[in-house]
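None of the figures in this text is laboratory data; all of them are computed from the coordinates on show. Please read all numbers here as calculations on a predicted model, not as lab measurements. A quick note on method: Cβ atoms are made from the backbone with ideal geometry, for glycine too, and the neighbour counts reach across all protein chains shown.
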Amino acid sequence: MAYWGPSWGLVVVLGLLVSDCVFIQSAKRLTRDVRRIEGSAEMKARNFNIHKIAYVLLVFALIYLGLGFGFHFKWKSALDACREERMAQGEFVDPEVFGNALGVIFDVTYWPVYSRANIYHFGTPLATPCSH
């Protein structure tokens, strides 16, 4: 571990102050330029394109989340049915580790990974211990 004496600390602080001043000056120049071309047709076209891209990304995000929630609820119901079936047979049933909101977040976020792994290993996207 390197020793940073007081002189290095002073250099780092001065460097940060100078970089902040440069950033503030460039931000002021940028806002002046934006105000100058704000009413131009180029700016209106750029804003329209950004809004179109944002709407497309929003639609994809909503579809992704909708499929994720569908996957979570379908998989959760299949897993609950399997757990009840295994308990009725007298087998040991593992306790739920991620049964709370964290499990929902994992399922909704990583559902493509889970379904692809389940299809690869077990032939079905909603694999449970009962389907092996």
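Couple of notes before you dig in:
- Local net charge near Gly70, Cβ-Cβ under 14 Å (Lys/Arg +1, Asp/Glu -1): +1
- Measure of compaction for region 54-131 (Cα Rg per 2.2 N^0.38 Å): 1.26
- A straight chain from Phe106 to Leu58 at 0.36 nm per residue would run longer than the Cα-Cα distance by 15.3 nm.
- Additional length obtainable on full extension of the chain from Cys130 to Val113, 0.36 nm per residue less Cα span: 4.1 nm
- Distance between the modelled labels on Glu85 and Phe122, one decimal in nanometres: 1.0 nm (7 Å Cα→Cβ projection).
- Charge dipole (Cα centre; +1 on Lys/Arg Cβ, -1 on Asp/Glu Cβ; no other charges) of region 54-131 amounts to roughly 280 debye.
- Here Phe92, Phe48, Phe71 are placed in order of increasing Cβ neighbour count within 10 Å, fewest first, which gives Phe92, Phe48, Phe71.
- Net +/- balance of residues flanking Val93 in space, Cβ distance below 12 Å, scoring K and R +1, D and E -1: -4
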